[in-house]
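Chemist: This is the structure, below, for whatever I ask next.
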Amino acid sequence: MSDIQKRLDFIDLLRGLVICLMVLDHTRDFIHIGAMTSDPLNLSTGGPALYITRWITHLCAPTFVFLSGVSIFLQAQKGKTGWPLSRFLLTRGLWLVFLELTLVNLGFDLWPGIFLQVIWAIGMSMVIMAALVWLPRLAVLGVGIAIVAGHNLLAPIDAPQLTGAAQVFWMLFMEPAFTLPLGGFNVYPVIPWLGIMCLGYGLTSVITDSGPNRARNIALLAIGCIVAFLCLRLPNLYGNSVPWAMPADPAEAPFAVLNVLKYPPSLHYVLITLGVALLIMLALPKLPALAQKPLLAFGRTPLLTYLLHIYVAHGLAVLVGVIQGIPAEAFLRHLSDPSRTTQAGLPLWGVYIAWIAVLAILYPISSAWAKYRATHKHWWTSYL
């Protein structure tokens, strides 16, 4: 195996893992009893197992966006620079936005509105990156640090305080919004996520270094993120608009500390999730080859796997509901109007079984597509 392939596999393993965790999160959304009517991070109603199940999926979006930034820089290293790279990012980004507004929205919910999630944020971030890639790598890294560390300073600005185009811009790019002009809502405002993509672009040399110090440098970066998180989070310093408080049961304190703001991603959230993800990244190549195969298959086909898993998980939820006596049409608006499906679903152990079933269905498709892409270098294969 070439050194380049080893470096790509190193990235694909982590991407494949977070795809698996994303499937777990959305399978829980569709199949877990009460998933749409209760907070999984509320220990008093869900318990530690549900909290952990939800919290580990926090690793998905920031890691995925971070690795998207890494992939963009690798494109430049392979010779796609200047206008060809900008054109690719523009077209790829707009393609992702189109998919979000069509296939992704339809897969999650059939309702008259727009639901903007992570694919929207990645797509729009790529559109902006089409301009940023003309800057030196360290300048892009500086932009990423400024956004990730500084956007919390703008938290006092609230969209309802603004008017006209400024209000629409703020709802799309700076803060979650539930009253978009065309209906629907946006839980992934673009700019905070763009910052994470810039971090990935700027830190690519650390992640893909082929020298003997790569593991050490990644470990130092990861530990630095976690230490910075603890230094900011424990005394409730800057970086998360919702402070934590010591619960009545001191044993629950770690859960309170880790309950950081994702919408939009706070500085605390980015530090702890990327820190943990980078530590996991170091461990994945040590897995047995058999365990690496599905992670590589999913990691090499992230978009196709993402699109398919929505429909597979949603279809499985319909099947479970019909068996339980719930009409199939009740699941057409399962997320936006869960009132008809509140009695449907499985307990948490059933969610994990369903998750494995979804992955088992996806694996042969993702594996076949990964092999096809590796042997057929068509321009359009990079868009799926």
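Where a number appears in this text, it was derived from the coordinates with a stated rule and is not lab data. Here the structure is a predicted model, which is why all the values come from computation and not from measurement. Cβ sites come from the backbone with ideal geometry, for glycine too, and all protein chains shown count toward neighbours.
Chemist: What percent do you get for the relative contact order of the chain when only Cα pairs under 8 Å and 6+ apart count?
Modeler: For the chain, the relative contact order is 28 percent.
Chemist: Now for a separate question. Within the chain, how many Lys pairs that are eight or more residues apart, or on different chains, come under 16 Å at the alpha-carbon?
Modeler: Close lysine pairs found across the chain: 6.
Chemist: Where Rh denotes the Kirkwood radius from the mean inverse Cα pair distance, what is Rg over Rh for the range 235-276?
Modeler: That ratio is 0.98, to two decimals.
Chemist: Here is a follow-up. Amide H to amide H under 5 Å from HIS32: which residues, 5+ apart in sequence or cross-chain, H placed 1.01 Å off N in plane?
Modeler: Amide H neighbours of HIS32, under 5 Å, 5+ apart: LEU346.
Chemist: Something else now. Quote the relative contact order of the range 317-379 in percent (integer), defining contacts as alpha-carbon pairs under 8 Å separated by 6+ residues.
Modeler: Across the range 317-379, relative contact order equals 23 percent.
Chemist: Just how far, in whole angstrom, is the range 209-247 from the range 73-132 if you go by their alpha carbon centroids?
Modeler: The distance from the Cα centre of the range 73-132 to that of the range 209-247 comes to 29 Å.
Chemist: Compute the distance in nm between two label points, each set 7 Å from the Cα along the Cα-to-Cβ direction, one at LEU332 and one at SER241.
Modeler: 3.6
Chemist: Sticking with this one: Determine, for each peptide in 226-236, 268-278, the mean count of other beta carbons within 10 angstrom over its residues, then list the peptides with the highest first.
Modeler: Numbers: 226-236: 15.6, 268-278: 24.6.
Ranked by mean Cβ neighbours within 10 Å, highest first: 268-278, 226-236.
Chemist: Just to confirm a number: summing +1 for Lys and Arg and -1 for Asp and Glu over residues other than VAL187 whose beta-carbon lies under 11 angstrom from that of VAL187, what do you get?
Modeler: Value of the local net charge: 0.
Chemist: Separate question: Kirkwood hydrodynamic radius, computed over distinct alpha-carbon pairs, for the range 58-122: how many Å, to one decimal?
Modeler: Result for the range 58-122, one decimal place: 13.2 Å.
Chemist: If you wrap the chain's Cα atoms in a convex hull and average its projection over all directions, what's the area in nm²?
Modeler: Working: hull surface 78.3 nm².
Result: a mean projected hull area of 19.6 nm².
Chemist: Cβ under 12 Å from ILE56's Cβ, ILE56 left aside: what net charge do those residues give with Lys, Arg +1 and Asp, Glu -1?
Modeler: On the way: positive: ARG28, ARG54; negative: ASP25.
In short, +1.
Chemist: Continuing with the same structure: What FRET efficiency comes out for ILE157 versus ALA76 if R0 is 35 angstrom and r is the Cβ-Cβ distance? Round to the nearest 0.05.
Modeler: So the FRET efficiency works out to roughly 0.55.
Chemist: Starting from the 7 Å offset along Cα-to-Cβ, what nm value, one decimal, do you get for the label separation of ILE52 and ALA165?
Modeler: Label at ILE52, label at ALA165, 5.1 nm between them.
Chemist: According to a simple spin-label model (label point 7 Å from Cα along Cα-to-Cβ), what is the distance in nm between LEU94 and ILE361?
Modeler: My value for the distance between the label points is 3.4 nm.
Chemist: Can you list the DSSP H helices in the chain whose Cα atoms extend at least 24 Å along the helix axis and whose mean Kyte-Doolittle hydropathy is 1.6 or higher?
Modeler: Those that pass (Cα extent of 24 Å or more, hydropathy at least 1.6) are 267-283, 302-323.
Chemist: Moving on to the next point. What does the extension gain come out to for TYR352 and ALA219, with contour length at 0.36 nm per residue minus their alpha carbon separation?
Modeler: 44.8 nm
Chemist: Return the single residue from TRP55, TRP170, TRP349 with maximal mean-square fluctuation; model: Gaussian network over the chain, springs between Cα atoms under 10 Å.
Modeler: TRP349
Chemist: Using +1 at the C-beta of Lys and Arg and -1 at the C-beta of Asp and Glu, which of SER336, ILE72, LEU110 has the Cα lying farthest in the positive direction of the dipole of the chain?
Modeler: ILE72
Chemist: A further question follows. In terms of modelled amide H atoms, which long-range or inter-chain residues lie less than 5 Å from the amide H of GLY184?
Modeler: Those qualifying (amide H under 5 Å, at least 5 residues apart or on another chain) are ILE114.
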